[in-house]
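Here's the structure, in structure tokens; my notes come after.
Just so it is clear, none of the values below were taken in a lab; they were calculated from the coordinates. Computed from a predicted structure; not experimentally measured. Cβ atoms come from the backbone with ideal geometry, glycine included; neighbour counts cover every protein chain shown.
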Amino acid sequence: MRQSKFTETQIGAMLKEADAGRPVNEIWQKFGISSATYYKWKAKYGGLEASDLKRLRELEHENSRLKRLYADLSLENAALKDVIAKKL
């Protein structure tokens, strides 16, 4: 997946500007983002503080690590079952 050029803190600041009353189309132009990107961020990060954003990123990272770990163990388990089935 492509890495965003904006940090969670920057995204939070953009969303707070819009909440403060600044027109949304000015925010798009100022930061060079599309309307779809803005609304996607608003759906994902809307209402979160900076500490919440950091914690969300950590949880996403941990979740992806655990998914990889599970996939590796599942593959190893299937291979061992195949070996046992061939011996019997």
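The helix-only estimate of mean residue ellipticity at 222 nm for the chain, built from DSSP H runs of length n ≥ 4 each weighted as -39500 (n - 2.57), is -26500 deg cm²/dmol after division by the residue total.
Take the Cβ-Cβ distance between Arg68 and Lys44 as r, set R0 to 22 Å, and report the resulting FRET efficiency rounded to the nearest 0.05.
Values: r = 22 Å, r/R0 = 1.01.
Efficiency computed from Cβ-Cβ geometry: 0.50.
For the chain, a crude dipole built from +1 on the beta carbon of Lys and Arg and -1 on the beta carbon of Asp and Glu, taken about the Cα centre, is about 300 debye to the nearest 20.
Can you tell me, using C-alpha contacts under 8 Å and at least 6 residues apart, the relative contact order of the chain as a whole percent?
Working: 24 pairs, mean separation 26.6, N = 88.
Averaging sequence separation for qualifying contacts and normalising by length gives 30 percent for the chain.
For Phe6, no residue 5 or more places off, or on another chain, has a built amide H under 5 Å of its own. Pairs of Lys residues in the chain that lie 8 or more places apart, or on two chains, and have C-alpha atoms under 26 angstrom apart add up to 23.
For the chain, the longest principal axis of the alpha carbon atoms and the long axis of helix 8-19 meet at an angle near 40°.
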